[in-house]
Amino acid sequence: VEGAVIDHRGTCTTQCAAGYSASSATLICKLGQFNPPTFSCDFASCTAPAKALVSGLAKGPVCLEGNVVDGGGKCTPNCQEGYVPTVQQLSCNLGKLEPAIFQCEPATCPAPDDVVNARDPACAEGKTIKH
C-alpha cells in the first residue's frame, strides 16, 4: 500500500490476493531491515454461520470446530439432539464456507428390522419414518 520504498521507521501494510490473509499485518522498516523480515499469504479462515442463518435448531457452537474454521479446514455442523444437519461438512475455501449454510432437520426413525415374522419393511410407511 505504501509503495516500493519504505523509509526508516516506516510501515509496510501487507497485502494478499483475495481469499488469503497475511501472517503479519505490517512490517516495520528499521535501519534497512524489516521486522518481521517477511510475511506469508495463507488460506483465509472462515467464520462459522450465524445461528440465525442456520436455524433455531443448531447447537452452539454451530461448527464443532468452533466459531472460526482454518483455511482449507472443515466445519462439522452441530445440531440439537434429535436433529440432523442437511450436509455432513462445510469446507473453508479462500475465506468462504461451501456450502455457506446448513439446516437442522428432525431425525428420521428406521423401521425395526429384528422383528420375527414381520414383513419387510416392518412398517407400512416404509424403511424410514419421518418426524
Within the range 58-110, restricting to residues that are part of a loop (DSSP other than H, G, I, E, B), among the small types (Gly, Ala, Ser) and on the phi < 0 side of the Ramachandran plot, the one that is modelled with the lowest pLDDT is Ala107
Considering the range 89-110, residues that are touching a residue at least 12 places away in the same chain (Cβ under 8 Å), open to solvent by 70 Å² or more (accessible area, probe 1.4 Å) and over 30 Å from Ala124 (Cβ atoms), and then whichever is farthest from the chain's Cα centre (by Cα), we arrive at Leu94
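Select, from Asp120, Asp114, Asp42, the only residue that is among the acidic types (Asp, Glu) and either assigned to a strand (DSSP E or B) or touching a residue at least 24 places away in the same chain (Cβ under 8 Å) (or both). Spell out how you get there, then give the answer.
Working: Asp120 fails: either assigned to a strand (DSSP E or B) or touching a residue at least 24 places away in the same chain (Cβ under 8 Å) (or both); Asp114 fails: either assigned to a strand (DSSP E or B) or touching a residue at least 24 places away in the same chain (Cβ under 8 Å) (or both).
After applying the criteria, what remains is Asp42.
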Could you list, in sequence order, all residues of the range 72-88 that are within 16 Å of Phe43 (Cβ to Cβ) and crowded, with 17+ Cβ neighbours inside 10 Å?
Gly73, Cys75
Being within 30 Å of Ala17 (Cα to Cα) and touching a strand residue (DSSP E or B) at 6+ places or on another chain (Cβ under 6 Å) is the filter here; which residues of the range 100-131 pass it?
Phe102
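What do you reckon, is Cys46 in contact with a Lys or Arg (Cβ under 8 Å, 6 or more places away or on another chain) and modelled with pLDDT of 90 or more?
Details: in contact with a Lys or Arg (Cβ under 8 Å, 6 or more places away or on another chain): yes; modelled with pLDDT of 90 or more: yes.
Taking the combined requirement at face value, the residue satisfies it.
Which of the following residues is open to solvent by 40 Å² or more (accessible area, probe 1.4 Å) and either hydrophobic (A, V, I, L, M, F, W, C) or over 9 Å from the mean Cα position of the chain (by Cα) (or both): Val62, Val116, Val69?
On the way: Val62 fails: open to solvent by 40 Å² or more (accessible area, probe 1.4 Å); Val69 fails: open to solvent by 40 Å² or more (accessible area, probe 1.4 Å).
After ruling out the rest, the residue left standing is Val116.
Being under 30 Å from Gly19 (Cα atoms), of a type outside the set (Phe, Trp, Tyr) and under 12 Å from the mean Cα position of the chain (by Cα): is that true of Pro85 here?
On the way: under 30 Å from Gly19 (Cα atoms): yes; of a type outside the set (Phe, Trp, Tyr): yes; under 12 Å from the mean Cα position of the chain (by Cα): no.
Against the criterion (under 30 Å from Gly19 (Cα atoms), of a type outside the set (Phe, Trp, Tyr) and under 12 Å from the mean Cα position of the chain (by Cα)), Pro85 does not qualify.
In the range 4-36, how many residues are in a loop (DSSP other than H, G, I, E, B), open to solvent by 50 Å² or more (accessible area, probe 1.4 Å) and touching a residue at least 24 places away in the same chain (Cβ under 8 Å)? Spell out the reasoning first.
Here is the first cut: in the range 4-36, the ones in a loop (DSSP other than H, G, I, E, B) are 4-10, 14-19, 23-25, 31-32, 36.
In the following step, the residues that additionally are open to solvent by 50 Å² or more (accessible area, probe 1.4 Å) were identified as 4-5, 7-9, 15, 17-18, 23, 25, 31-32.
Subsequent filtering for residues that are touching a residue at least 24 places away in the same chain (Cβ under 8 Å) retains 8, 17-18, 32.
Matching residues across the range 4-36 total 4.
The values are calculated or read from the model by the stated rules, or taken from the named source; none is laboratory data. The structure displayed is predicted, hence computed values, not measured ones. Glycine also receives a Cβ, built like all others from the backbone with ideal geometry; neighbour counts cover every protein chain displayed. In case anyone asks, the SASA skips ligands and DNA or RNA and just uses the protein heavy atoms, side chains included. Shrake-Rupley method; radii C 1.70, N 1.55, O 1.52, S 1.80 Å.
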